[in-house]
1. Which one, GLN173, LEU152, LEU39, projects farthest toward the positive side of the charge dipole computed for the chain from Cβ point charges (K/R +1, D/E -1)?
2. Using heavy-atom solvent-accessible surface (probe 1.4 Å) with all chains present, what is the largest-first order of ILE179, ILE119?
3. Which distance in Å, rounded to a whole number, links the C-alpha centroids of region 70-92 and region 127-165?
4. Excluding VAL91 itself, calculate the net charge of residues whose Cβ lies under 12 Å from the Cβ of VAL91, where each Lys or Arg counts +1 and each Asp or Glu counts -1.
5. Could you compute the FRET efficiency for ARG66 and LEU170, with r as their C-beta to C-beta distance and R0 at 30 Å, rounded to 0.05?
6. What does the helix-only formula give at 222 nm for the chain: each DSSP H stretch with n ≥ 4 adding -39500 (n - 2.57), the total divided by the residues, and the result rounded to the nearest 500 deg cm²/dmol?
7. I need the peptides 132-141, 187-196 ranked by packing, meaning the mean over residues of other C-beta atoms within 10 angstrom, with the highest value on top.
8. What are the ³J(HN,Hα) couplings of region 42-57, residue after residue, when phi is run through the Karplus curve with 6.51, -1.76, 1.60 and θ = phi - 60°? Round to Hz, x for glycine and proline.
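The values are calculated or read from the model by the stated rules, or taken from the named source; none is laboratory data. Just so it is clear, the structure is predicted and the values come from calculations on it, not from any experiment. Cβ coordinates were reconstructed from backbone atoms using ideal geometry, including for glycine residues, and neighbour counts include every protein chain displayed. Quick note on the areas: whole protein, heavy atoms, side chains included, nothing else; ligands and nucleic acids left out. Shrake-Rupley method; radii C 1.70, N 1.55, O 1.52, S 1.80 Å.
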Amino acid sequence: MLDLPKRHCETDSTRAENMADTQKQIVTVGVTGASGAILAQKTLALLEEDPRVGRIHLVITEAGQRLFAEELGITSGDLRQLPSRILGHPVGKIEGLPNKDVGASIASGSYAVDSMVIIPCSMGTLGTIAGGISDDLVSRAADVMLKEGRKLVLCVRDTPFNRVHLENMLRAQQAGAVIMPAVPAFYHHPKTIDDLVTQYVCRVLAQIGLAQEQMYRWAGTPAAKKAEA
């Protein structure tokens, strides 16, 4: 019997990495061209800081890159450096993936991604997902989440909605997606834009099992509490 050296292959490497992350969530974040770059920025910041998260795959469409440039003054440049520029400091968990790379890991159901958030989600991306048209990595990764029965949250951002928008939301929801329009809340008495953004993003992350301590939780009106006492 020959004593041959073991050969290292990419499949073995991927399997080992996945096993190492078993106890931590793997999350995909998609960013499209709808207004709301600050929502994506806050999402990445909270996920990067969350010890329950092991890896974050970031996919930004061409329009999404333009969104960061126009709303936050952050240009794309080297994709590998973009996550650090978005957060303003070095990152350890976020991996940027080209939107044209439909052969990336997250394009396959055999790769274990726990959840995906598209924030903000344009009506065009919503329509692509609702129609099952996987013509880029964002839509393909979303399609994988639906077909594998995994959590997909679409943070749609537009107003007003026309009938096509509404029907696409219904189709996506019926397929298993969570439709979560980027609507701010005011019951927590926000004082700054960051207060509004943080509360909304915390609600989004709660949908994927990553509830945040910063999230305000409604406990009833003062009058109701007094009556109960």
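1. GLN173
2. ILE179, ILE119
3. Each part reduced to its Cα centre gives a spacing of 25 Å.
4. That sum, taken over residues with Cβ under 12 Å, equals +1.
5. 0.55
6. Calculated mean residue ellipticity at 222 nm is -12500 deg cm²/dmol.
7. Top of the packing list down: 132-141, 187-196.
8. Values, residue by residue: 5, 4, 5, 5, 5, 5, 4, 7, 7, x, 7, 9, x, 8, 10, 9 Hz.
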